[in-house]
Amino acid sequence: MGTFNPDTQLILDQPLLKVPNELSRKNFKTTQRNVEHTRDNILNGIKNAAAPFEDSVSALDTMIAKMEGLKRKLSECHAEEVALQKASRARIEHINSLHSMQAVTDVKYDEWSKVRLNRLLVDYLLRSGYGDSAQALAKAENIEDLVDIKAFMQCEKIRTNLEQAKPQEALAWCQDNKQALKKMNSDLEFELRLQQYIEMIRTRQPSKLLDAAMHARKYLATSNSESATRAAALLAFPPGTPIEPYRALYSHERWNHLSSLFLRTHHDLLSLPARPALHVALSAGLSALKTPSCHSSHLSSSSNANTSSGTSVCPICSTELNELARSVPYANHTKSIVENDPVVLPNGRIYGRTRLMEFQSKMPALPEGRVRDPSEPDVIFDIYQVKKVYIS
Amino acid sequence: MDEILKAHERLEKKDNLAKSVEEKFKDKPLPFESNDALASHPSLINRAIAMHLLREGHFDVAATFIKEANNNPPTSPERTMKDAPDMAQDSQVQSNARKAWEMDFSPSADMSMALHSQFQEMYSILNELRVHHNLDPAIEWARQHSQVLDARGSNLEYDLCRLQYLTLFRTHGPLAAVTYARNTFGKFHRRYEGQTLRLSGALAFIPNLGTSPYAADLSGPAETNTYSIASAAFTAEFCALLQLSSASPLLTAVTAGCIALPTLLKLSHIQQTRRTSWTTESELPVEIPLPTGYSFHSIFVCPVSKEQSTDSNPPMMLPCGHVVARDSMNQLSRGTRFKCPYCPIESHPKDAKKIYF
């Protein structure tokens, strides 16, 4: 075991700090936009106020209303910021507590690891769309500051709406994150607008077609020339056409594609990994713990549920993980790990001599010179049949 | 306007934090390999989580989760064309996994109800034990299951009764202890004769217990520590009777995984830069240093081939007591008598004996 390095424990935990960071950046941008927007309005209002008395009063009234609106919005942003800061602080403290530990055998590390497991579970539940369970678990474990329930719930809502062919919320989201999306070169908004256009054409009503043309001029012509041309050509093909790529454009599968595109974009924007961290940690752990005995057809003498002596039941052999571990490779070992002073029974099972003898003392006594097999207590041998075995 | 200024101030501080966060995680890509072995088994993961929640005592959360998962069964992630050949086999695995979930956790399943009530029982007993230091429910449970426990070679019932005896002695004086001993210890007579005699005998020395040979027998139960040890022993036995490990496997596996990750990350980095790949798919290419508490099985590595034994290549004990893997033995002997690689004794492969760890 090398020295304990807290940084290596954080490999999976980048989103822990990055997400509140990104959210607070976004919150600031919203604040800024609000302030600038109101400022422009007020400056205009000042010009209008330099008018005859009646007009100037009404102009002042609108200005006051605008300012009050701004105040309300800012206090919303402020509340959001306070919550984010609180979450950030809790997360930093959570991570910092790792630095007070000396080794992974530390009791405190076990506690920390429990919190981490719960965080990973909440993250997994949120990603699978089990929002209620995630909330319940976070509440029960009191880790609400350490998980991003709000962000995921919003994301999940937009995503399911897209699957049900409702793009409005996704478009609003694009609007909120316009700058960031531009920086990422995301074509999410274009794809959404294209889908709206396709839906208008699908109706084949003349008035809708006119709308579609306007829509295309406004949103589609500006970028992505190849797709835009294709969209224009789509006018010539009725829905149900067998000709590619137009058949694919009309396909309802596109909504699912949009929904997963949105999910990817959303996670990229918040620096969230595409896959749940639970998968990564769990598959690494399954591999590290798995031994050939875990899926062996023979009863393992060194660890099984039939005897209370020896080590506890192996987690890979336990019902929860056994099936799951089938697909991962087993751990590499270059040295045998066996109990001290191993002996072999006539049926081929190996036990440490001390453990074998301890087991005998706990069982109803046998005549002198007889021993039981701890894995099958009804199987009894003569002690002279127990042979020493050499394992190197 | 003040608020705007404040917002700006906050932002500057925030910017520093943002920078240091970025700095901290620079050149540390997240270890998300493209081949995620678990992504195709969402039902099995859900099953593991449901069992984990139950065994941790989160009955409400578990109920919510089971309901949500039943209403909204997991869908397998998008597949690319190159996976097509595996599809048939994969969908077979998938449907098996779903069956496993349905068997255990569909609304009509007995399994979830059974697990639920069992763990509920466990937690109510543990609560009495830990918080109220009340041993009775635990002893009652151990008595009900004494046959199975005895067959496993477990001391649980005796240990609990011994603790009860000592507690009575401390709180109610020797008389209560004697009465208790008379009523209870009889059934332990066969297995624990020496120990029960010592416990009863110790009472005779009460006036000068400290100097008597029985001093060690009657000390101990004061600290709460004893109760947590008893709780741990009880939990282990309770879970073992359900064929489950006593600590949550999910917790153990995830913790081990996080300890293993740095090594695995380094490995995948090396594989990418050298463009090499590992030939045996069933075994990890590197040894992962885990603390001793994380090894659960004995492991046999053949001293000749340095390979771990498996069902198809089991360890064979030669008549001299040395052990090699069967493949190695066959190579050494080529069907005739051969010399043990560790000692001068010669033997025939047919005299070698298959052994089990």
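For the range A:372-382, name all the residues that are surrounded by 10 or more Cβ atoms within 10 Å (Cβ to Cβ) and either within 18 Å of B:M317 (Cβ to Cβ) or facing chain B (nearest Cβ under 9 Å) (or both). Write out each step before concluding.
Within the range A:372-382, the first condition is being surrounded by 10 or more Cβ atoms within 10 Å (Cβ to Cβ), and the residues that meet it are A:372-377, A:379-382.
If the condition is that a residue be surrounded by 10 or more Cβ atoms within 10 Å (Cβ to Cβ) and either within 18 Å of B:M317 (Cβ to Cβ) or facing chain B (nearest Cβ under 9 Å) (or both), then A:R372, A:D373, A:P374, A:S375, A:P377, A:F381 are the ones that fit.
As a summary of the residue check, B:H297 satisfies the conditions (1) modelled with pLDDT under 80; (2) closer than 30 Å to A:Q9 by Cβ; (3) within 7 Å of chain A (Cβ to nearest Cβ) except for the one numbered (1).
Among the residues here, A:L258 does not qualify as in contact with a Ser or Thr (Cβ under 8 Å, 6 or more places away or on another chain), surrounded by 15 or more Cβ atoms within 10 Å (Cβ to Cβ) and at pLDDT 85 or above.
Here's the yes/no breakdown for (1) surrounded by 21 or more Cβ atoms within 10 Å (Cβ to Cβ); (2) modelled with pLDDT under 80:
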residue: B:P42; (1), (2): yes, no
residue: B:I66; (1), (2): yes, no
residue: B:K82; (1), (2): no, yes
residue: B:D90; (1), (2): no, yes
residue: B:L115; (1), (2): yes, yes
residue: B:N127; (1), (2): no, no
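The conditions of being in contact with a Cys (Cβ under 7 Å, 6 or more places away or on another chain) and either at pLDDT 80 or above or surrounded by fewer than 18 Cβ atoms within 10 Å (Cβ to Cβ) (or both) are not met by B:C302.
Considering each of B:L250, B:L267, B:L242 in turn, give the residue that is at pLDDT 85 or above and under 32 Å from the mean Cα position of the chain (by Cα).
Values: B:L267 fails: at pLDDT 85 or above; B:L242 fails: at pLDDT 85 or above.
Criteria check complete, one pass: B:L250.
Of all positions in the range A:116-133, none carries a residue that is surrounded by fewer than 17 Cβ atoms within 10 Å (Cβ to Cβ) and more than 10 Å from chain B (Cβ to nearest Cβ). Taking helices (runs of 4 or more DSSP H) that do not extend beyond the range A:88-189, which have at least 3 residues that are within 21 Å of the chain's Cα centre (by Cα) and either of a type in the set (A, V, I, L, M) or not assigned by TED's automatic domain parsing to the domain that holds A:L23 (or both)? Here the list reads A:107-127, A:131-141, A:149-163.
Let's see how each residue does on (1) within 28 Å of A:I143 (Cβ to Cβ); (2) free of Cβ contacts under 8 Å to residues at least 40 places away in the same chain; (3) assigned to a helix (DSSP H, G or I):
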| position | (1), (2), (3) |
| --- | --- |
| A:P15 | yes, no, yes |
| A:N34 | no, no, yes |
| A:D40 | no, yes, yes |
| A:L43 | no, yes, yes |
| A:N48 | no, yes, yes |
| A:E80 | yes, no, yes |
| A:A83 | yes, yes, yes |
| A:K86 | yes, no, yes |
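Pairs meeting the criteria (first residue in the range B:310-339 and without any contact (Cβ under 8 Å) to a residue 12 or more places away in the chain, second residue among the hydrophobic types (A, V, I, L, M, F, W, C) and not in a loop (DSSP other than H, G, I, E, B), beta carbons under 7 Å, at least 6 apart or on different chains) are B:F338/B:L332. When A:E93, A:E36 are checked against the criterion of being at negative phi and within 12 Å of chain B (Cβ to nearest Cβ), A:E36 stands alone in meeting it.
Among helices (runs of 4 or more DSSP H) lying entirely in the range B:134-181, which contain 2 or more residues that are at pLDDT below 80 and not assigned by TED's automatic domain parsing to the domain that holds B:E121?
On the way: elements: B:136-144, B:146-151, B:156-172.
Once the helices (runs of 4 or more DSSP H) in the range B:134-181 are filtered for at least 2 residues that are at pLDDT below 80 and not assigned by TED's automatic domain parsing to the domain that holds B:E121, nothing remains.
Among residues of the range A:325-343 that are farther than 13 Å from B:H297 by Cβ, those with a Cβ under 7 angstrom from a residue that is assigned to a loop (DSSP other than H, G, I, E, B) and of a type in the set (D, E), sequence gap 6+ or separate chain, pair up as A:P329/B:E281.
The values are calculated or read from the model by the stated rules, or taken from the named source; none is laboratory data. Everything numeric here is computed off the predicted structure, so don't read it as measured data. A quick note on method: Cβ atoms are made from the backbone with ideal geometry, for glycine too, and the neighbour counts reach across all protein chains shown.
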